[in-house]
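To start, the structure itself, in structure tokens.
No value in this document is a laboratory result; all are computed from the given coordinates. Predicted, not measured: the structure shown is a model, and the values here were computed from it. Here the Cβ is made from the backbone with ideal geometry for all residues, glycine too, and neighbour counts use every protein chain on show.
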Amino acid sequence: MRVGIAHHFGWAVAVTASTDHRVVDRRRIELVEPGTAPAPIHHEGKPLDDVAAAKLVAEVRASALRATAAELDQLAADIAQPIVSMSLRAWPPDFPDDIAVQRRVPYEARADSVMYRQVLAELAHARGWAVHLFEAKDVEAQAAAILGDRAHDILHGPRATLGAPWSSDHRIALAATVLAASQQRD
């Protein structure tokens, strides 16, 4: 089984697919505990200095680790077969770790999102799952090229068979699992 993730601030769509790209599970997962600021770099409220911002980021990251771990554990328990990979939207490999740098342009617009992807990747690795990265802007087209004539049925078919919701997030997450499967065969 392969899991594709389309994440947002504090939550994500997770689509789990079999080796033949059949959707076996789709769900919304929470990536942070209730009551926790989902975007610490874009913190709303009283302006924070770098030390206070770093403390807030550490608190949110710890919450994200706990919440996401619980969600992934539940997902794995609910799936009948082992999960072998997780696909996540790529982030720059040289993205800075320093909070003071992350709070400046051009990093501040992506820092919260990168934190969630890094937490997901860390937790996937801890479970022995391969992590595959994808570019959201072209993942569906790449999956369609791999799937050929079956592309529309596989990427859009779950809406008819499973019903709503089946959004672009679901298609992106499923398409990412298709790419992961093709990369593992290469």
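Estimated from the Cβ-Cβ distance and a Förster radius of 25 angstrom, the FRET efficiency linking residue 33 and residue 125 is about 0.70. Each principal axis of the Cα cloud of the chain was evaluated for its coordinate range; sorted largest first, these ranges are 54, 32, 30 Å. Using a 7 Å offset from Cα along Cα-Cβ at residue 74, what residues in region 1-33 end up with backbone N under 14 Å from the label point? Output list for this probe position: 11-14, 26-33.
Ranking 150, 103 by Cβ neighbours within 10 Å, fewest first, what do you get? Fewest-to-most ranking of 150, 103: 150, 103. From least to most packed, judged by other beta carbons within 10 angstrom and beginning with the fewest, 166, 11 follow the order 11, 166.
What residues of region 2-45 lie in the reach of a label at residue 62, counting those whose backbone N is under 20 Å from a point 7 Å from the Cα along Cα→Cβ? From region 2-45, the list is 10, 31-44.
Remark: region 75-169 is approximated by an ellipsoid whose semi-axes, taken from the C-alpha gyration tensor as √(5λ), come to 30, 19, 13 Å, largest first. For residue 118 and residue 19, the difference between the fully extended length at 0.36 nm per residue and the C-alpha to C-alpha distance is 33.1 nm. Mean-square fluctuations from a GNM of the chain, with a 10 angstrom spring cutoff on Cα atoms, peak among 154, 79, 29 at 79. The protection proxy used here, the mean number of other Cβ atoms lying within 10 Å of each residue, ranks peptides 32-40, 50-58 as follows, highest first: 32-40, 50-58. When Rg and the Kirkwood Rh are both derived from Cα coordinates, the Rg/Rh ratio for region 135-186 amounts to 0.97.
Estimated purely from DSSP H runs of n ≥ 4, each contributing -39500 (n - 2.57), the mean residue ellipticity at 222 nm for the chain is -15500 deg cm²/dmol once divided by its residues.
Each of the GluC sites (Glu not before Pro) that DSSP puts in a loop and that has at most 14 other Cβ atoms within 10 Å breaks the chain; the longest unbroken stretch is 45-107.
Placing a pseudo-label 7 Å from each Cα along the Cα-to-Cβ vector at residue 9 and residue 156 gives an inter-label distance of 3.3 nm. Counting neighbouring beta carbons within 10 Å and listing from fewest to most, the residues 98, 25 come out as 98, 25.
GNM remark for the chain: springs join alpha carbons under 10 Å apart, and the peak mean-square fluctuation among 136, 17, 80 falls on 80. Straightening the chain between residue 137 and residue 95 buys 13.2 nm, computed as 0.36 nm per residue apart minus the Cα-Cα spacing.
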